[in-house]
Amino acid sequence: MAAPRTHRSALALYAVLLVLPTVALGVIQWRHIEREHADELAAVPRDAEDAARRFREALRAEVDALLASESQRGVAQYANYYCPDSTPEGEVTLLPTQLRSEPRPKGVLGWFSFDLAGGDGASLQVFTGGEEPAPEQLADLRRASLELHDSVRSEAWLVASAPVEFGAERLELPVRALAASRAAQGDEDCIEAERMLLANPVRMVAGQFQLRFYRDAQGEPRLVAHRHVRVDAIPQLIGATNCLHRVSEGLGLVQGFFVDLGWWAGILPREVAARVLTKRERFLEHPEGSCEHCADYHADLWLIRDLDVSAAPQDEAFGRMQIAIDTTELDARYHSRLWRFFGMGAMLFAALGTGVALLWRSVEKELEQAARTENFVAAVTHELRTPLSSIKLHAEMLQDGWTTDPAKQQEYYKRIVRETERLSTMVERVLEKAKLTSTTAHPTPCDLTELVDNHVQQLLNWRITDAPDLEFELAEDLPRVWLTKEALHSILVNLVENARKYAPVDFAKPGATPIVIATLATAEGPALEVRDRGPGVPKAQRQKIFDAFYRLGSESTRTTRGTGLGLHLVSLHAASVGARVLIEDRPGGGSIFRVTFKAAPANA
Ligand code: ADP
């Protein structure tokens, strides 16, 4: 038994050596996939902040560009101005500023300019550009500008930022560019009189535009870009007619424009988001805006803080937006990696499993075959040795004259003949098997009942019981079947022999019934049945007992003699004529061995 164990251990070792590294590699790969996914998720906050930074920079660039282009306008553009006409009459005309005719840039609601000292708002000028604004828009702009003008004294931010000295632009403009800012109704004549002074240079300093967010009197949010311009005192105008004397002490001007909040806090961020964000970076205009497949981490954007807009502390949260990262793609990639991994794993395991199973089966088969051969050798040795020793013993006894009794001598001779017959039967069986596996039978249409009937006497003669142990139930008028005489003979003799061997009828027992040999019609075709009252054959062995040399139990435990060839010959013969053999439990105990033959066509 050492060899099978070695075989199995070798196979198990092979399986382990094959499976273990595969499992280990699988675990490593799986952990790698998990870690990769975890890393990708861990990078989400960084990606969100990175997107927010890009967004912030782009937004700031847009706002800066607006302020820069507005700074290009020059101080003089924020007011109408007087111009000495070049006509011979030398009239002075009030020229409208460009801001009355130019198209309004995106984001600008309208421009304004007023004098810091002008308490009643008389100096306030409002411009809406070339397009005709809606009346309510114009009214709103006026109201906002006036409010701003009026709050010059009360709003610290408005005064505090005036004027910016450091880095401020130094300018020199002619007086005519300023005269209109303080001029009153009907000043034309006065200005006409002082026309010579209009060309005098005036020095001034202009600050940078600053953005301020505030709430107006109605609590409405407003965003204003404003700058301060300080005009130096103009000594040349001291003592001039009042219209110009008014500006002789210098001026403080506030200039700027109102920013369209809808553009600044809506259209512009949306445009920037569409331009700078990738597909997976989601722009959430409202922080509570939901994003179904986004990671939990959202990067904050603060319009006020991020764009350096000055505002009251309570307004700093105005226009808070967020950027989130959509993880749909990450998840899909993760799942596809997992599926690929499990698919590959399943395929690998199927391949490995099939390989190991096939190997296992072949080892098992080999072991089975070895056991069977071992069995056969033991059986044949036994089958040969027993008759041979019996023949030798009885022949020697006769030779040595052990008995002179003729009856006894006759018995010895009979014994020798019987044992010789057994030996020759065994040899014939082996030869029959060899012949059957190498030749083809030529079945002809035969009458099954008739062929069985021809054997009745012979079978009864071979009995070892005193009373006949066989009973025949032969059906008349069965269709003819494809058969050969040799096949029927071998099948019948082997089945009956087995029944007598493994289920002998013991007439001493009450209710003992003979072995039944029947021919009958079944749904599959005419059949031959041998029914006994023996121990039966376990279901698991019903296929195997037809294999060559297969015997139930082991040589040491068996009490019956045999080589495991009888049923194998039955199955070979059945197959050679196209018949099928099967074993069934017999109702009431025992087995039924049934051979179903192929019916031959009636005209064959
Ligand atoms: P042998 O009779 O030489 O052992 P067989 O091929 O005829 O070989 O039978 C194979 C095995 O099938 C037998 O060893 C026996 O265990 C079992 N067998 C055959 N016929 C019967 C039967 N009628 N009842 C119970 N077991 C049977």
Straight-line reach from Lys544: which aspartates and glutamates have a Cα under 13 Å away, not including same-chain ones fewer than 8 places off?
Glu368
How much of the accessible area of region 345-453, in percent, comes from carbon and sulfur atoms when a 1.4 Å probe is used?
62
Aspartates and glutamates whose Cα lies under 17 Å from that of Lys106, excluding same-chain neighbours fewer than 8 positions away:
Glu62, Asp64, Glu70, Glu131, Glu132, Asp260, Glu271
Considering only protein heavy atoms and a 1.4 Å probe, what is the carbon-and-sulfur percentage of the accessible area of region 501-604?
56
Once both axes come from the Cα atoms, what is the angle between helix 566-576 and the longest principal axis of the chain, in degrees from 0 to 90, rounded to 10?
70
Please report, in cubic angstrom per residue, the volume enclosed by the convex hull of the alpha-carbon atoms of the chain.
341
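Could you give the length gained on full extension between Gln218 and Arg195, defined as 0.36 nm per residue of separation minus the Cα-Cα distance, in nm? Could you put the intermediate results ahead of the total?
Working: separation 23, 0.36 × 23 = 8.28 nm, distance 4.48 nm.
Once the chain is fully extended between Gln218 and Arg195, it gains 3.8 nm.
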Can you list, by residue number, the Cys in the chain that have no neighbouring cysteine C-beta under 4.7 Å?
Cys83, Cys446
Could you please state how large a percent of the accessible area of region 13-63 is carbon and sulfur, counting protein chains only and using a 1.4 Å probe?
66
Partner lysines for Lys509 [C-alpha distance under 28 Å; skip if fewer than 8 residues away on the same chain]:
Lys501, Lys539
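Using heavy-atom solvent-accessible surface (probe 1.4 Å) with all chains present, what is the largest-first order of Asp326, Asp64, Asp260?
Working: Asp326 15, Asp64 80, Asp260 55 Å².
So, going from the largest accessible area down, we get Asp64, Asp260, Asp326.
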If you keep only loop residues by DSSP, which trypsin sites (Lys or Arg not before Pro) in region 254-297 have at most 13 other Cβ atoms within 10 Å of their Cβ?
Lys279
What is the helix-to-structure angle for 406-438, meaning the angle in degrees between its Cα long axis and the longest Cα principal axis of the chain, kept from 0 to 90 and rounded to the nearest 10?
30
Flagged as over-length at 24 Å C-alpha distance, from Lys392/Lys433; Lys365/Lys485; Lys392/Lys414; Lys435/Lys485, the pairs are Lys392/Lys433; Lys365/Lys485
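Let me have the 222 nm mean residue ellipticity of the chain computed from DSSP H runs of 4+ only, each contributing -39500 (n - 2.57), with the sum over all residues rounded to the nearest 500. Let's see the in-between values first.
Working: 14 runs with 268 residues, N = 604.
Calculated at 222 nm, the ellipticity per residue is -15000 deg cm²/dmol.
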P(r) of region 264-314 in 5 Å steps, Cα pairs, percent per bin?
4, 15, 25, 26, 17, 8, 4, 0
Could you give the spread of the C-alpha atoms of region 428-474 along their three principal axes, from largest to smallest, in whole angstroms?
41, 28, 12
How long is the gain from His455 to Ala575 if the chain were fully straight, where each residue apart is worth 0.36 nm and the alpha carbon distance is subtracted?
41.1 nm
Amide H contacts under 5 Å for Phe127, restricted to residues at least 5 apart in sequence or on another chain and with H modeled in the peptide plane, are Trp111, Phe112
Accessible area per residue, Å², the chain with all protein chains present, probe 1.4 Å
54
Using 1/(1 + (r/R0)^6) with R0 = 60 angstrom and r between the beta carbons of Val23 and Thr278, what's the FRET efficiency to the nearest 0.05?
0.90
Mind listing which GluC sites (Glu not before Pro) in region 261-345 are in a DSSP loop and have 11 or fewer other Cβ atoms within 10 Å?
Glu288, Glu292
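The values are calculated or read from the model by the stated rules, or taken from the named source; none is laboratory data. Please read these numbers as outputs of a predicted model, since none were measured by experiment. As a convention, Cβ positions derive from the backbone with ideal geometry for all residues, glycine included, and neighbour counts pool all protein chains shown. Surface accessibility is based on the protein's heavy atoms, side chains included, excluding ligands, DNA and RNA. Shrake-Rupley method; radii C 1.70, N 1.55, O 1.52, S 1.80 Å.
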